[in-house]
Amino acid sequence: MIATITLIPAPVDTEGDDRYVWRHGEDKYKPCFSSVKTWEQIRMQHPTVAWSKIVWFPHAIPRFSFITWLTLKDRLSTGARSRAWGCIQACLLCGEPDETRDHLFFACPYYFTVWIDLVGYLLGSHVNPNWSITIASLLSSRRKEIDTCLLKLTFQTTIYSLWRERNSRRHQGHPQSAAHMVRIINKLIKNRISSLRHRRPSFYSDMMQCWMGHTT
Ligand SMILES: [Zn+2]
């Protein structure tokens, strides 16, 4: 410690007063604080996962993104998880005894009916009840930008709405039909596109036309 201390020059008046600086990176200090730079230095760094593109994107709705992120990490409190805590929970929509993430999205007949109704025209022959195939299909780059945006937005809105419906039934709420869920999700998507129009008027106008053309 003494050897280290002796390496640091003693303060001298000619160098001016001491002042605080914030570390912005390796050997990079500035007088201003940056929460981004600070977070980047203290957080644990991991490689970017491919599915991050379908969770975090500019026109996403934050609370929908959060539920989608939980779903992709398989952290929703489905029956498969609650069984570990001693609580048996079958699928509330179809009665399947093993209520897993992959069953809900979208192997469950109720969920798949809603999903195919909303994105059947966008995914065409690629629409599939298998979770992994659906994710791979959403990540495909061979699609127009508008279609990709609509698919990602629909994916998140569907997961959020269906998980909410599942929880409502879990707590004795009034069950909604698949057709009613499609209408609710459709309205949420239209409202989101409308709220974004000021950002890129022609792009979101085209997106709305595309969506309306297939869903009304
Ligand atoms: Zn089910």
Single unsatisfied condition, ASP102 versus (1) assigned to a helix (DSSP H, G or I); (2) of a type in the set (D, E, K, R); (3) within 30 Å of SER205 (Cβ to Cβ): (3)
Listed residues LEU104, LEU70, LEU139; which is away from the ligand (no atom under 16 Å from the Cβ), touching a helix residue (DSSP H, G or I) at 6+ places or on another chain (Cβ under 8 Å) and at pLDDT 90 or above? LEU139
Given the conditions (1) farther than 22 Å from TRP69 by Cα; (2) surrounded by fewer than 19 Cβ atoms within 10 Å (Cβ to Cβ), which single one is not true for ILE116? (1)
Taking LEU162 as the residue in question, decide whether it is of a type outside the set (Phe, Trp, Tyr) and closer than 13 Å to VAL114 by Cβ. yes
Those residues that are exposed (fewer than 10 other Cβ atoms within 10 Å of the Cβ) and of a type outside the set (D, E, K, R), I need them from the range 35-49; list them, please. SER35, VAL36, TRP39, ILE42, MET44, GLN45, HIS46, PRO47, THR48
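Anything in the range 32-54 that is among the small types (Gly, Ala, Ser) and not in a helix (DSSP H, G or I)? List them, or say none.
SER34
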What number of residues in the range 119-136 are within 16 Å of the ligand (Cβ to nearest atom) and among the aromatic types (Phe, Trp, Tyr)? 1
Check whether at least one residue in the range 86-97 is surrounded by 13 or more Cβ atoms within 10 Å (Cβ to Cβ), within 15 Å of the ligand (Cβ to nearest atom) and outside any loop (DSSP other than H, G, I, E, B), and report yes or no. no
Of the residues ILE116, ILE5, only one is β-branched (Val, Ile, Thr), without any contact (Cβ under 8 Å) to a residue 12 or more places away in the chain and within 16 Å of the ligand (Cβ to nearest atom); which? ILE116
Which ones in the range 73-99 are under 15 Å from THR158 (Cβ atoms) and at pLDDT 90 or above? LEU76
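The values are calculated or read from the model by the stated rules, or taken from the named source; none is laboratory data. Just so you know, these numbers come straight off a predicted model, no measurement behind them. We place every Cβ from the backbone using ideal geometry, glycine too, and count neighbours over all the protein chains shown.
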